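The values are calculated or read from the model by the stated rules, or taken from the named source; none is laboratory data. From a predicted model like this one, the values you see are computed outputs, not experimental measurements. We place every Cβ from the backbone using ideal geometry, glycine too, and count neighbours over all the protein chains shown. What goes into the accessible areas is simple: the full protein's heavy atoms, side chains included, and nothing from ligands, DNA or RNA. Shrake-Rupley method; radii C 1.70, N 1.55, O 1.52, S 1.80 Å.
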Amino acid sequence: MPPEQASPTVRRLRLGQELRQLRERRGLTGARAAKELGWSPSKVSRIEAAKTKPSHDDVQAFAKLYKCDDQKLDELLGLVVDAYQRGWWEDYEGTLPGGYTRLLGLEAEATSQQNWEPQVVPGLLQTEDYAREVILASRGIVRITHSGVRSRVEARLDRQQRVLHRADPCILHIILDESALMRRFGEPSVMRAQMEHLIRLSVLPHVSVQVLPLESLHPVNTGAFIHLKFAAFDDVVYLEQLYNPRFVEDLEMVAGYETAFDHIRAEALDENESRVLIQRKAMMWGR
């Protein structure tokens, strides 16, 4: 894959973070900054939280209030330009949950991911057939049309290419509960192909796959999560839920998820042992 353009999602978040830090260094509250600018406090809050895209004039007004030099202003305006670019995931916005598209935007610039998955094989490691069966399994609860299923599968495969095979691939460390290898989606042949695909991906230099065996102590009672790390941005944790995913950005809570992942990793099989177990599951599905 060719190098990706800067992610507009990450640029919007970075811009909001930069503006908040500049305000705090000046000792201003959001309400005070808004009053000085002649804006509503909600406008300042929404820009800092990356819920609203600021204009060039907005950013120049911030920079003047915060007494930024020309170099800092150029940096902020550069983030504005990138924030208005179109991300590849926006082609699928009509069929994907909003929180999921935000994950794709963040993932485009993540340097590494730590992913704990107790129920299914993670989307980045799914085969096309397995992905389709996983999506179809939710149709009795979430309304998805046939074209919607097709679009979600295409988005998942596109995501895999852009994350796993880009010029600077994201470092993936994935831990699966053993039960995820035993829960059937589709025909046994789909499961066997998925197990074999997992093994092939697990030997890539930037992919680590471990399995938490059923007989191990379960050190943390938590659902699936993805901990995204960035070179020039605070870490973010993504929590997948039935309807609206949630993002954790509080630094103390993010650190808690990192500790949780370390506890799970300590109980999991190592990479070679995990491949052996996955191979055994592939043979089980082949019977």
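Just a few scattered comments:
- When region 151-189 is filtered for residues that are under 25 Å from ASP262 (Cβ atoms) and polar (S, T, N, Q), only SER179 remains.
- For region 10-55, filtered to residues that are without any contact (Cβ under 8 Å) to a residue 12 or more places away in the chain and among the hydroxyl-bearing types (Ser, Thr, Tyr), the residue that is nearest to VAL236 (Cα to Cα) is THR52.
- Filter pass, LEU176 being touching a Leu at 6+ places or on another chain (Cβ under 8 Å) and either open to solvent by less than 20 Å² (accessible area, probe 1.4 Å) or closer than 12 Å to VAL120 by Cβ (or both): yes
- Filtering region 85-107 to residues that are among the charged types (D, E, K, R) and under 10 Å from the mean Cα position of the chain (by Cα) leaves ARG102, GLU107.
- Being in contact with a helix residue (DSSP H, G or I) (Cβ under 7 Å, 6 or more places away or on another chain), in a loop (DSSP other than H, G, I, E, B), among the charged types (D, E, K, R) and under 17 Å from TRP116 (Cβ atoms) is a condition met by no residue of region 182-194.
- Look at region 235-252: where a residue is on the phi < 0 side of the Ramachandran plot and modelled with pLDDT of 90 or more and a partner is surrounded by fewer than 17 Cβ atoms within 10 Å (Cβ to Cβ) and basic (Lys, Arg), sitting 6+ places away or on another chain with Cβ atoms under 7 Å, you get LEU239/ARG246.
- Which listed residue, of ALA83, ALA50, ALA61, is more than 30 Å from ASP158 (Cα to Cα) and of a type in the set (A, V, I, L, M): ALA61
- Only one entry of SER216, SER202, SER208 meets the criterion of being at pLDDT below 95 and open to solvent by less than 50 Å² (accessible area, probe 1.4 Å), and that entry is SER216.
- Single residue of region 119-136 satisfying the filter (outside any helix (DSSP H, G or I) and either over 17 Å from the mean Cα position of the chain (by Cα) or of a type in the set (A, V, I, L, M) (or both)) that is surrounded by the fewest Cβ atoms within 10 Å (Cβ to Cβ): GLN119
- Within region 226-249, restricting attention to residues that are among the acidic types (Asp, Glu) and open to solvent by 80 Å² or more (accessible area, probe 1.4 Å), the residue that is nearest to LEU172 (Cα to Cα) is GLU240.
- Residue match in region 78-87 (condition: within 30 Å of SER147 (Cβ to Cβ), aromatic (Phe, Trp, Tyr) and part of a helix (DSSP H, G or I)): no
- Filtered by the rule that a residue be buried (at least 16 other Cβ atoms within 10 Å of the Cβ) and in a helix (DSSP H, G or I), region 44-62 gives VAL44, SER45, ILE47, GLU48, ASP58, VAL59, GLN60, ALA61, PHE62.
- Of residues in region 71-92 being within 18 Å of LYS53 (Cα to Cα) and of a type in the set (Asp, Glu), the one surrounded by the most Cβ atoms within 10 Å (Cβ to Cβ): ASP82
- Those strands (runs of 3 or more DSSP E) lying entirely in region 201-260 with at least 1 residues under 30 Å from ARG143 (Cα atoms) and of a type in the set (Phe, Trp, Tyr): 225-229, 236-239, 246-248
- Counted residues, region 261-287 - those being part of a loop (DSSP other than H, G, I, E, B) and open to solvent by 80 Å² or more (accessible area, probe 1.4 Å): 1
- Being under 19 Å from the mean Cα position of the chain (by Cα) and of a type in the set (A, V, I, L, M) is a condition met by at least one residue of region 256-278.
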